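J.: Structure below; questions to follow.
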Amino acid sequence: MGRRHESLIPLSHEHHDALLLAWRIRTGDLSKREPELRAQHVSAFFEYRLIKHLKLEEELLFPALRAVLGVEASLIDVLLSDHHELRAKAAAIKAGVNDQVDSFCGLLEQHIRTEERQLFVLAENRMAPDEMVELGRQIRARLSEGRSNCEIHGNRLEAEDGFAQS
């Protein structure tokens, strides 16, 4: 696999952050922690980072790709279904259904791998260079709008708006 097109790199960076959270929850340093703490980390990451990412994909990436993919656009329908399921699982976790955490993280990992290994490759192969540049410009502009930074530090999840959870 070659280097990712620069227009998609900001999304790949966000994917990396989400994969890191999923790994930490499922097998890393948070895997043996209390279910409530694991759920808090997932809920905070979803609220402060992932909601915006999903919306960006739905409003910018998916429509741009649907226009050039033809029959292969059915992949976008699968990914949209994943988005719906991720939102439902996140709502359940926020409501206290902590046994959804591992399922959420598993779906998130699978979803990201599909986007990186299939959808992004299709974008790079099917979109015209000027379309990729314009898509990248739109992605960067959207990401710079009111972005909330949510980072996991040790056993604390912190957001720049003052949210902190131990």
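J.: Answer yes or no: is there a residue in the stretch 77-85 that is farther than 20 Å from Ser12 by Cα, under 19 Å from the mean Cα position of the chain (by Cα) and surrounded by 14 or more Cβ atoms within 10 Å (Cβ to Cβ).
T.: yes
J.: Can I ask one more? Is it the case that some residue within the stretch 34-51 is surrounded by 17 or more Cβ atoms within 10 Å (Cβ to Cβ), aromatic (Phe, Trp, Tyr) and within 24 Å of Glu131 (Cβ to Cβ)?
T.: Scanning the stretch 34-51, I find no residue that is surrounded by 17 or more Cβ atoms within 10 Å (Cβ to Cβ), aromatic (Phe, Trp, Tyr) and within 24 Å of Glu131 (Cβ to Cβ), so the answer is no.
J.: Run down Leu107, Leu143 and say which single residue is part of a helix (DSSP H, G or I), touching an Asp or Glu at 6+ places or on another chain (Cβ under 9 Å) and either at pLDDT 95 or above or exposed (fewer than 14 other Cβ atoms within 10 Å of the Cβ) (or both). First the steps, then the outcome.
T.: On the way: Leu143 fails: either at pLDDT 95 or above or exposed (fewer than 14 other Cβ atoms within 10 Å of the Cβ) (or both).
Among Leu107, Leu143, only Leu107 is part of a helix (DSSP H, G or I), touching an Asp or Glu at 6+ places or on another chain (Cβ under 9 Å) and either at pLDDT 95 or above or exposed (fewer than 14 other Cβ atoms within 10 Å of the Cβ) (or both).
J.: For the stretch 7-33: of the residues being of a type in the set (Lys, Arg) and surrounded by 13 or more Cβ atoms within 10 Å (Cβ to Cβ), which is nearest to Ala141 (Cα to Cα)?
T.: So the residue we want is Arg24.
J.: What residue, of Leu54, Leu75, Leu50, Leu30, is in contact (Cβ under 8 Å) with a residue 12 or more places away in the chain, among the aliphatic types (A, V, I, L, M) and within 18 Å of Leu122 (Cα to Cα)?
T.: Leu75
J.: On the basis of being free of Cβ contacts under 8 Å to residues at least 12 places away in the same chain and more than 15 Å from the chain's Cα centre (by Cα), does Ala92 make the cut? Step through it out loud before you land on a result.
T.: Numbers: free of Cβ contacts under 8 Å to residues at least 12 places away in the same chain: yes; more than 15 Å from the chain's Cα centre (by Cα): yes.
Answer is yes for this residue.
J.: When you scan the stretch 114-126, do you find a residue that is assigned to a helix (DSSP H, G or I) and under 29 Å from Glu34 (Cβ atoms), even just one?
T.: To start, the set of residues in the stretch 114-126 that are assigned to a helix (DSSP H, G or I) comprises 114-126.
Still in the list and also under 29 Å from Glu34 (Cβ atoms): none.
No, there is no match, as no residue in the stretch 114-126 is assigned to a helix (DSSP H, G or I) and under 29 Å from Glu34 (Cβ atoms).
J.: Return the residues of the stretch 86-104 that are of a type in the set (D, E, K, R) and either crowded, with 18+ Cβ neighbours inside 10 Å or under 14 Å from Leu54 (Cβ atoms) (or both); say none if nothing qualifies.
T.: The answer is Arg87, Lys89.
J.: Next question, about the same structure. Go through the stretch 4-31 and give me each residue that's closer than 16 Å to Val133 by Cβ and not in a helix (DSSP H, G or I).
T.: First, the residues of the stretch 4-31 that are closer than 16 Å to Val133 by Cβ: 4-11.
Scanning the stretch 4-31 gives Arg4, His5, Glu6, Ser7, Leu8.
J.: Could you grab the pairs with beta carbons closer than 9 Å, sequence gap of 6+ or different chains, first residue in the stretch 129-156 and of a type in the set (Asp, Glu), second one at pLDDT 95 or above and part of a strand (DSSP E or B)?
T.: none
The values are calculated or read from the model by the stated rules, or taken from the named source; none is laboratory data. Note that the coordinates shown come from a computational prediction; the quantities given were computed from them, not determined experimentally. Using ideal geometry, Cβ is built from the backbone for each residue, glycine included, and neighbour counts are taken over all protein chains shown.
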